C-alpha cells in the first residue's frame with residue numbers, strides 16, 4: 001500500500017522544496033528518484049553535512065586528527081542523522097558506504113548510515129595537472145559508473161570539488177546527487193535531493 005501512495009505523497013511534500021528546478025524537471029525530480037532508488041542499482045553522492053566555516057584544514061597534517069580540520073556543526077550532525085533516518089524510512093536500500101578520509105565526511109557517513117569505509121582517493125582532489133589528480137578523477141568515475149550489487153545502492157560521501165571535476169555537478173553541504181551507473185566509465189546524472197527534501201518525503205510517507 002505504501003508504494004501505491006508514495007508518488008502523490010511526494011508531490012505534496014515537494015511543494016516549495018526545489019523539486020521544480022530545471023535540473024529536477026529534466027531528470028524527473030525527487031519523486032521519480034525515490035521510486036528508482038527503492039529498486040537499487042544507483043549511486044548516491046552525498047556532500048558532507050553542514051560544517052563550521054570558521055575552521056580550516058591544516059592540509060599537511062594527518063587526516064586522522066579531527067582537531068586540525070573543518071568539522072561538522074551540531075546542526076550538521078543533526079542533518080546527517082535526519083538524512084539517514086529519512087532514507088531508511090523511504091525504503092531505499094543502502095549497500096557500501098564509501099567516504100573521504102576527512103572527519104566531516106566520515107562523521108556524516110557514520111551518523112547517517114552507521115558505517116563508513118575510508119577511501120583515500122576520495123579525500124579531496126588537487127587541481128588539474130597536479131599529483132594524484134588523474135588517479136582521483138579515475139577513482140570517482142569508476143565508483144559512479146560501476147553498478148552496485150543487485151537490490152542495493154552505493155553511497156559515496158565526499159567533497160564538492162571531486163564531483164564538480166568528474167561530473168560537472170555542484171552540491172551544497174548535505175545535498176545528494178543521484179547517478180545511474182552505465183559501466184565502462186559511463187554514468188547518467190539522475191538528479192539531486194537537498195537534505196531537507198529527504199526529511200519532508202519521509203514525513204509525508206509516515207503520515208499516510
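Report yes if residue 84 is crowded, with 17+ Cβ neighbours inside 10 Å, in contact with a strand residue (DSSP E or B) (Cβ under 7 Å, 6 or more places away or on another chain) and either at positive phi or assigned to a helix (DSSP H, G or I) (or both), otherwise no.
Details: crowded, with 17+ Cβ neighbours inside 10 Å: yes; in contact with a strand residue (DSSP E or B) (Cβ under 7 Å, 6 or more places away or on another chain): no; either at positive phi or assigned to a helix (DSSP H, G or I) (or both): yes.
So residue 84 fails the test.
Is it the case that some residue within region 99-110 is farther than 25 Å from residue 55 by Cα and not in a helix (DSSP H, G or I)? Let's see the steps before the verdict.
Filtering region 99-110 for residues farther than 25 Å from residue 55 by Cα gives none.
No; the residues of region 99-110 include none that is farther than 25 Å from residue 55 by Cα and not in a helix (DSSP H, G or I).
Using beta carbons and a limit of 6 Å, which pairs, at least six apart or on different chains, have the first residue in region 181-192 and under 12 Å from residue 41 (Cα atoms) and the second one part of a loop (DSSP other than H, G, I, E, B) and modelled with pLDDT under 95?
Final answer for the pair search is none.
Do we have residue 182 as farther than 18 Å from residue 87 by Cα and either at pLDDT below 95 or assigned to a strand (DSSP E or B) (or both) here? Break it down stepwise before answering.
Working: farther than 18 Å from residue 87 by Cα: yes; either at pLDDT below 95 or assigned to a strand (DSSP E or B) (or both): yes.
Criteria met by residue 182.
Could you tell me whether any residue of region 60-74 is under 26 Å from residue 181 (Cβ atoms) and touching a helix residue (DSSP H, G or I) at 6+ places or on another chain (Cβ under 9 Å)? Don't jump to the end; show me each part of the working.
Quick first cut of region 60-74, residues under 26 Å from residue 181 (Cβ atoms) only: none.
No, region 60-74 contains no residue that is under 26 Å from residue 181 (Cβ atoms) and touching a helix residue (DSSP H, G or I) at 6+ places or on another chain (Cβ under 9 Å).
For (1) modelled with pLDDT of 95 or more; (2) in contact with a helix residue (DSSP H, G or I) (Cβ under 6 Å, 6 or more places away or on another chain), each residue gets a yes or a no:
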site	(1), (2)
114	yes, no
127	no, no
143	yes, no
147	yes, no
164	yes, no
170	yes, yes
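Just checking, how many residues over region 34-59 are in contact with a helix residue (DSSP H, G or I) (Cβ under 9 Å, 6 or more places away or on another chain) and either crowded, with 20+ Cβ neighbours inside 10 Å or farther than 15 Å from residue 104 by Cβ (or both)?
14
Looking at 152, 108, which one is buried (at least 20 other Cβ atoms within 10 Å of the Cβ) and under 22 Å from residue 189 (Cβ atoms)? If you could, list the steps in order and put the result at the bottom.
Numbers: 152 fails: buried (at least 20 other Cβ atoms within 10 Å of the Cβ).
Residue meeting the stated conditions: 108.
Any residue in region 119-137 that is assigned to a helix (DSSP H, G or I), surrounded by 22 or more Cβ atoms within 10 Å (Cβ to Cβ), in contact with a strand residue (DSSP E or B) (Cβ under 8 Å, 6 or more places away or on another chain) and touching a residue at least 60 places away in the same chain (Cβ under 8 Å)?
no
The values are calculated or read from the model by the stated rules, or taken from the named source; none is laboratory data. As the structure is a computational prediction, the values presented were derived from the model and not from experiment. When we count neighbours, we look across all protein chains shown, and the Cβ atoms used for this are built from the backbone with ideal geometry, even at glycine.
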